[in-house]
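The values are calculated or read from the model by the stated rules, or taken from the named source; none is laboratory data. Model, not experiment: these values are computed from the prediction. Heads up, the Cβs are rebuilt from the backbone with ideal geometry, glycines too, and the neighbour counts pull from every protein chain shown. With ligands, DNA and RNA removed, areas are computed over all heavy atoms of the protein, side chains included. Shrake-Rupley method; radii C 1.70, N 1.55, O 1.52, S 1.80 Å.
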Amino acid sequence: MRRYVLVPSVILLLAFIIISCKRNKPQSSSKPPVITANLASDVKTKTGVELPKSCRFIMSTNYARLDTDVWLFEIESGNPAQFPKQLNLLPGGDAPNNAKLMERMGGISIGIPKELYFGVWEVSNAQCHATLITTTNSDYLMLERLN
């Protein structure tokens, strides 16, 4: 008898989780908005990264529990961002997993990553992590500022 009560309970719980995840998923559009001067200035101040004008903003969030700010951008391949420190090329095996993480966070589709770069530096008493994934047409940049 317990088995028959447990199955509907699990199904209802899974349905609630799926509906909750769909509600919290960022709204995706065919073209994310181009960044504003205020956003570019804020990112430059907080991370030291100078974003190109062709950069498109995908999402940002703050993880209060970890005291972390995260930004996600799409950049045209021919117009790179300027970093305060050189990013290092990481093994190709990590690129698909990092691309999947960025896709989940931003509600986007990155496609097949060609290369993955990573860098860490200090900026205004905080540590900044940058992950850059290059594809055929675009680069996807995730910046994390750890306070």
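Could you tell me the convex hull volume per residue, in Å³, taken over the Cα atoms of the stretch 103-147?
Value for the stretch 103-147: 70 Å³ per residue.
Considering only protein heavy atoms and a 1.4 Å probe, what is the carbon-and-sulfur percentage of the accessible area of the stretch 37-145?
Carbon and sulfur together cover 48 percent of it.
Would you mind calculating the relative contact order of the stretch 84-147 from Cα pairs under 8 angstrom and at least 6 residues apart, reporting the percent as a whole number?
Across the stretch 84-147, relative contact order equals 30 percent.
Could you state the accessible area per residue of the stretch 37-145 in Å², with a 1.4 Å probe and every protein chain left in place?
53
What distance in nm lies between label points placed 7 Å from Cα along the C-beta direction at Ser77 and Val123?
Between Ser77 and Val123, the simple spin-label model gives 2.6 nm.
Could you tell me the accessible area of Val120 in Å² (1.4 Å probe, neighbours in place), rounded to the nearest ten?
Its accessible surface works out to 40 Å², give or take rounding.
Provide the gained length on full extension for the span Val34 to Thr68, in nm with one decimal, where the gain is 0.36 nm per separating residue minus the Cα-Cα distance.
Value of the extension gain: 9.9 nm.
Excluding Pro84 itself, calculate the net charge of residues whose Cβ lies under 15 Å from the Cβ of Pro84, where each Lys or Arg counts +1 and each Asp or Glu counts -1.
The answer is +1.
Got a number for the accessible area of Leu146? Probe 1.4 Å, square angstrom, nearest 10.
About 60 Å², rounded to the nearest 10.
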